[in-house]
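Before any comments, here is the structure.
The values are calculated or read from the model by the stated rules, or taken from the named source; none is laboratory data. Predicted, not measured: the structure shown is a model, and the values here were computed from it. With ideal geometry, Cβ positions are generated from the backbone for all residues, glycine too; neighbour counts draw on all protein chains shown.
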Amino acid sequence: MLRRWISTLLLGLAAAALAGCSSTRLVDGQVESFSTLTALPAPATYRIERLPSQQTPAFEPIAALAERALARVGLQRDDAAPRLLVQIGVQASSVPRHGPSAPYAFYGPPWAFGGWYGRPPGVFGGWYGPPPWAFGGWGMGGPTPLYRRAVSLVLRDAQTQAVVYETSAVHENVWVSDPAVYGVLFDAALNGFPAPPHGRRQLRLPLPPPAP
């Protein structure tokens, strides 16, 4: 009887895992936006202003994700004649879940990603830890760590240097898939551009399936 119960449990877990893989994941993001814009700037062009720590090839995938999100809201990159200057921020962190009051720990520069779990900075793909259906999430081997991913965008008028748009998006969960989560968070941060609801709001956006 016990053996039959264990077999049934394992079959159920396998089915749940397969169902999770076949369904679309949704990424919950806490978004906070502030804008002085009332319409899309004309011309709708921008240039990315990189921080000194972002002058590396490892930052290119993050910049590409931000550019695609900016293009989806009608902005086009033009380094020679930008109307807006864009500054990108990215954060990644995790914390062991020993209890509900465990503090968060942040590492690296504001845009840092990856590189804290035996992986060199800038290397993407795979899981950081077990998937959400793993036994560890149920107290067998310890709780799964909580992962935090955050992005921010600051847009300035290229002539006056005044900030015209400021936004951020944060996602926290027991699973993470880089760099796809960053792409979703950039889309969430730009939701409603150029005149989003001011203040904090919760958004849920689909995570794109992995490329074949």
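Residues in segment 63-72 that are closer than 19 Å to Val164 by Cα and either at pLDDT below 95 or buried (at least 17 other Cβ atoms within 10 Å of the Cβ) (or both): Ala66, Glu67, Ala69, Leu70. Sub-7 Å Cβ pairs linking a first residue in segment 47-62 that is surrounded by 15 or more Cβ atoms within 10 Å (Cβ to Cβ) to a second residue that is assigned to a loop (DSSP other than H, G, I, E, B) and hydrophobic (A, V, I, L, M, F, W, C), at least 6 apart or interchain, are Gln54/Trp111; Phe59/Trp111; Pro61/Phe124; Ile62/Trp111; Ile62/Phe113, ordered by first then second residue. Scanning segment 151-183 for residues that are more than 18 Å from Leu203 (Cβ to Cβ), surrounded by 19 or more Cβ atoms within 10 Å (Cβ to Cβ) and modelled with pLDDT of 95 or more turns up Leu155, Arg156. Residues in segment 66-76 that are closer than 15 Å to Arg156 by Cβ and touching a Lys or Arg at 6+ places or on another chain (Cβ under 8 Å): Leu70 only.
Look through Asp178, Asp187 and report the one residue that is in contact with a Phe, Trp or Tyr (Cβ under 8 Å, 6 or more places away or on another chain) and under 27 Å from Tyr46 (Cβ atoms). Reasoning before the result, please.
On the way: Asp187 fails: in contact with a Phe, Trp or Tyr (Cβ under 8 Å, 6 or more places away or on another chain).
Only one candidate passes the filter, namely Asp178.
Evaluating Gln87 against the criteria (1) of a type outside the set (Ser, Thr, Tyr); (2) outside any strand (DSSP E or B); (3) modelled with pLDDT of 95 or more leaves one unmet condition, (2).
Contact map, segment 184-212: first residue in a strand (DSSP E or B) and modelled with pLDDT under 95, second residue surrounded by fewer than 19 Cβ atoms within 10 Å (Cβ to Cβ) and among the hydrophobic types (A, V, I, L, M, F, W, C), Cβ cut-off under 9 Å, separation 6 or more or different chains; pairs are Gly199/Phe34; Arg204/Leu26; Leu205/Leu26; Pro206/Leu26. Here Asp28 meets the list (1) outside any helix (DSSP H, G or I); (2) of a type in the set (Asp, Glu); (3) at pLDDT 95 or above almost entirely, failing just condition (3).
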